[in-house]
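Have a look at the structure below before the remarks.
The values are calculated or read from the model by the stated rules, or taken from the named source; none is laboratory data. What you see is a predicted model; the values in this text were computed from it and never measured. Neighbour counts are summed over all protein chains in view; Cβ atoms, including those assigned to glycine, are modelled from backbone coordinates with ideal geometry.
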Amino acid sequence: MFSDNLKYLREKNNMDQIELATKLGRKSTSSISEWEKGKYQPKAGVLSDIAHIFNVSLDDLMNKDLRNEIEVSSPKPDVLSIFNQLNLKRQQASYDYIYNQLKEQQNNNRNVIKFPKDDDTLEITANGVLSAGVGEFLDDSTKPFTVTVHKPVPSNYDYAFQINGHSMEPVYQDKQVVFVKKEDDYRDGQIIAAVMDGCAYLKKLSVVDGEATLVSLNPQYPNIKVDKETGVKVLGVVFS
């Protein structure tokens, strides 16, 4: 499934193997060729990068036949990538507009009562809470708890966390459940679950000149500079 999806997505985006290899930081196309032939699959971190490059979920990349599904759906822009290219003033204006649109939608739906079908949801175990705000305490004594999520649920995640706070809006909402995958390497621009000074956060990782910062997508919240001495423990990358 992955090999067919990779070749399909590459050709659909008019990308040759050399260009894809360059985007993945590889010096040759040999790995790309072997992936497409189904000889073996790349590591989880590389799979996540491939999904990001082609703007698909990691679960879809690995488990769905995208040759059929993408053809019947309209392409979706990478909104977060566009947002990150704006200057701070325009980011604030964009956030204000999106936030107001969300509030209007919520107000319009207040009198609508929805009764979800039982088979549309699933109870899973959450490993804890990630702060989209000032920090949530998380250590080995933190007790897992049960949350209800909508299907489908990815099968290959390492952690499930519930979000507490609003610093990652409008992309990630308060009380939303996110799924996290461990990786060998972490890169600038990834959305990560991280622990610093005993507190767990959901943030965007920014690495500039060797210095790391945990960035809030909501410009109304401050970013967190990572102390070089204490550092930060990255639990994994948010992929769904």
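For the reader, a short list of remarks on this structure follows.
- Region 48-77, subset at pLDDT below 75 and aliphatic (A, V, I, L, M), residue surrounded by the fewest Cβ atoms within 10 Å (Cβ to Cβ): VAL72
- Selection of region 122-148 for residues being at pLDDT 80 or above and among the aliphatic types (A, V, I, L, M) yields LEU122, ILE124, ALA126, VAL129, LEU130, VAL147.
- Helices (runs of 4 or more DSSP H) fully within region 28-71 counting 2 or more residues that are of a type in the set (Ser, Thr, Tyr): 30-36
- For region 23-45, a residue qualifies if it is loosely packed, with under 14 Cβ neighbours inside 10 Å and either more than 22 Å from the chain's Cα centre (by Cα) or in contact (Cβ under 8 Å) with a residue 60 or more places away in the chain (or both), and the qualifying residues are LYS27, SER28, SER30, SER33, LYS37, GLY38, LYS39, TYR40, LYS43.
- Single residue of PRO144, PRO219 found to be closer than 26 Å to ASN100 by Cα and over 16 Å from the mean Cα position of the chain (by Cα): PRO219
- Boolean, LEU80 is at pLDDT below 85, within 22 Å of ARG187 (Cβ to Cβ) and under 18 Å from the mean Cα position of the chain (by Cα): yes
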